[in-house]
1. Is there any pair with a first residue in the range A:64-83 that is more than 10 Å from every other protein chain (Cβ to nearest Cβ) and at positive phi and a second that is among the aromatic types (Phe, Trp, Tyr) and assigned to a loop (DSSP other than H, G, I, E, B) whose Cβ atoms are under 6 Å apart and which are 6 or more apart or on different chains, and what are they?
2. Which of the residues that make up the range A:195-221 are more than 11 Å from chain B (Cβ to nearest Cβ), β-branched (Val, Ile, Thr) and not in a strand (DSSP E or B)?
3. Please pick out the residue among B:56, B:41 that is modelled with pLDDT of 90 or more, more than 14 Å from chain A (Cβ to nearest Cβ) and on the phi < 0 side of the Ramachandran plot.
4. Which of the following residues is under 20 Å from residue A:220 (Cβ atoms), modelled with pLDDT of 90 or more, within 11 Å of chain A (Cβ to nearest Cβ) and surrounded by fewer than 16 Cβ atoms within 10 Å (Cβ to Cβ): B:65, B:48?
5. Report those strands (runs of 3 or more DSSP E) wholly inside the range A:40-124 carrying at least 2 residues which are of a type outside the set (Phe, Trp, Tyr) and under 24 Å from the mean Cα position of the chain (by Cα).
6. Count, please, the residues in the range A:173-194 that happen to be assigned to a loop (DSSP other than H, G, I, E, B), out of contact with any Leu (no Cβ under 6 Å at 6 or more places or on another chain) and charged (D, E, K, R).
7. Could you look through the range A:327-348, keep only residues that are within 27 Å of the chain's Cα centre (by Cα) and surrounded by fewer than 19 Cβ atoms within 10 Å (Cβ to Cβ), and pick out the one that is farthest from residue A:279 (Cα to Cα)?
8. Across the range A:63-105, which residue is surrounded by the fewest Cβ atoms within 10 Å (Cβ to Cβ) among those that are under 23 Å from residue A:37 (Cα atoms) and among the aliphatic types (A, V, I, L, M)?
Amino acid sequence: LFPRKLKWQNTLVTFRITNYTPDLKKEDVDKAIHNALMTWSAVTPLKFKRLHEGIADIMISFGRLEHGDHNPFDGPEGLLAHAYPPGEGLGGDTHFDEDETWTKDSHAYNLFLVAAHEFGHALGMGHSNDPGSLMYPVYSYSHGFPLSEDDIKGIQELYGPNPDHEKVKPKPEAPDKCDPELSIDAVTELRGEKLIFKDRYFWRVHPQFTEPELTLIQSTWPQLPKKVNAAYENPEKDIVIIFSGIRMWALNGYTLVPGYPKYIHRLGFPKSVRKIDAAVHIYDTGKTLFFTDEDYWSYNEQTGTMDPGYPKSIMDGFPGMQERDGDEVDEVDAATYKNGYLYLYHENLQYEYSYNKRKVVRITRTNDLLNC
Amino acid sequence: FTKPVPGDETQSWLLAERYLRRYYRMQPGLLGTSKSSDVMTEKIRAMQSFFKLEVTGNLDDNTLQVMKKSRCGVPDVAEYN
């Protein structure tokens with residue numbers, strides 16, 4: 001929030017659109033602005049009233065470079081827009097850089113998303129450092145209801161909840177890497193970096209840096225789904241395969257390979273398999289292990305076929321995986337391999353399986369992966 | 001150790017200076033007994049901390065990458081006047 005928790009004292013806030021961008025039709029601008037304001041009124045008691053003349057609380061305009069407030073824009077890219085916290089005069093006013101290309105889709109800069117962010121400032125919110133929040137300062141495109149739980153907590157701190165609102169589905173907050181109960185969705189290497197997927201996010205762990213970097217999956221790969229079930233790197237082919245549901249995508253570095261997504265059944269799974277829980281490439285043997293429910297499969301990358309005799313039971317294949325209460329673990333969330341050891345992740349625990357000893361030899365916490 | 005700043009180092013420093021002045025309230029010029037490089041290091045650390053990057057105070061690749069991304073013009077630090 002801004003210092004002194006600046007907010008509008010009245011829950012009826014007026015706005016006026018003083019000019020328009022030529023990038024969009026007038027009605028598209030009106031709709032984007034309307035929807036951006038409705039985003040905030042959906043979760044608070046705030047109501048917005050449009051004025052067509054005179055001074056409104058939130059004066060909205062498009063301008064370029066020096067546009068009258070001594071806070072100039074910077075030409076294309078870079079700075080996209082800004083807004084002032086609640087107050088008299090300039091307070092609440094929202095300005096968009098006309099040197100940007102404004103759109104109503106995922107190209108260039110989506111006016112609705114930027115407006116929703118800026119109106120957050122106009123209502124009294126500062127920036128969030130949760131990359132999944134609307135109030136994160138860096139632009140990223142996303143579908144669906146744009147507010148995360150973090151945004152809603154912030155705005156309701158100022159204005160309280162909306163008692164009448166229909167159920168909204170906010171996006172969950174960013175995961176905490178040092179949460180001792182942290183479980184993960186998938187993990188893979190990518191050219192020496194480790195990518196760890198959890199909910200809408202992934203961490204990049206670079207060997208030269210101790211601090212993992214948290215990013216939204218879709219801000220790096222907009223074409224990927226919001227959640228990933230499994231991932232593995234085939235270093236010989238220099239690709240990473242990402243799985244979500246019955247589909248898989250291929251990455252070459254950070255670039256999506258054309259021709260994807262494809263169905264996972266192309267790998268030889270029966271149609272009854274609806275998702276892969278974990279995947280790991282064993283570079284010593286050239287095989288890739290897939291984990292689905294209580295089973296695991298071995299896939300020959302060279303021939304492009306499943307090895308005969310699979311699937312096999314995880315419990316039989318990797319003895320020693322036990323939960324704290326002594327129950328056998330029969331499912332896996334994620335997997336990696338290094339130097340003869342297979343690391344299997346189930347909930348908040350990492351099981352280190354030794355191929356030499358043919359059993360689990362060590363159990364640690366999942367967030368060891370994140371230097372926690 | 002961190003990777004050296006790639007490409008044109010001067011341009012990178014200028015970009016970082018502009019970025020930190022705009023979003024992290026770095027004052028231009030000298031500030032009393034503080035060296036301008038110390039001030040900049042502190043501001044880089046603040047920015048790295050905000051974006052959950054490795055806090056080194058150095059203008060490394062990851063930090064520069066974030067500085068180059070399109071973003072909102074409101075500062076990340078308090079007191080927006």
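1. The qualifying pairs are A:65/A:73.
2. Across the range A:195-221, the qualifying residues are A:217, A:220.
3. Numbers: B:56 fails: more than 14 Å from chain A (Cβ to nearest Cβ).
Sole residue among the options that is modelled with pLDDT of 90 or more, more than 14 Å from chain A (Cβ to nearest Cβ) and on the phi < 0 side of the Ramachandran plot: B:41.
4. Values: B:48 fails: surrounded by fewer than 16 Cβ atoms within 10 Å (Cβ to Cβ).
Going through B:65, B:48 in turn, just one is under 20 Å from residue A:220 (Cβ atoms), modelled with pLDDT of 90 or more, within 11 Å of chain A (Cβ to nearest Cβ) and surrounded by fewer than 16 Cβ atoms within 10 Å (Cβ to Cβ): B:65.
5. Values: elements: A:47-50, A:58-63, A:81-83, A:94-97.
In the range A:40-124, the matching strands (runs of 3 or more DSSP E) lie at A:81-83.
6. Of the residues in that region, 6 qualify.
7. Going through the range A:327-348, the residues within 27 Å of the chain's Cα centre (by Cα) turn out to be A:331-337, A:343-348.
Narrowing the set further to residues that are surrounded by fewer than 19 Cβ atoms within 10 Å (Cβ to Cβ) leaves A:331, A:347-348.
Working: A:331: 12, A:347: 16, A:348: 18 Å.
Here the answer is A:348.
8. Filtering first and then ranking leaves A:90.
The values are calculated or read from the model by the stated rules, or taken from the named source; none is laboratory data. All values derive from a computational prediction rather than experimental measurement. Positions of Cβ are backbone-derived with ideal geometry, glycine not excepted, and every protein chain shown enters the neighbour counts.
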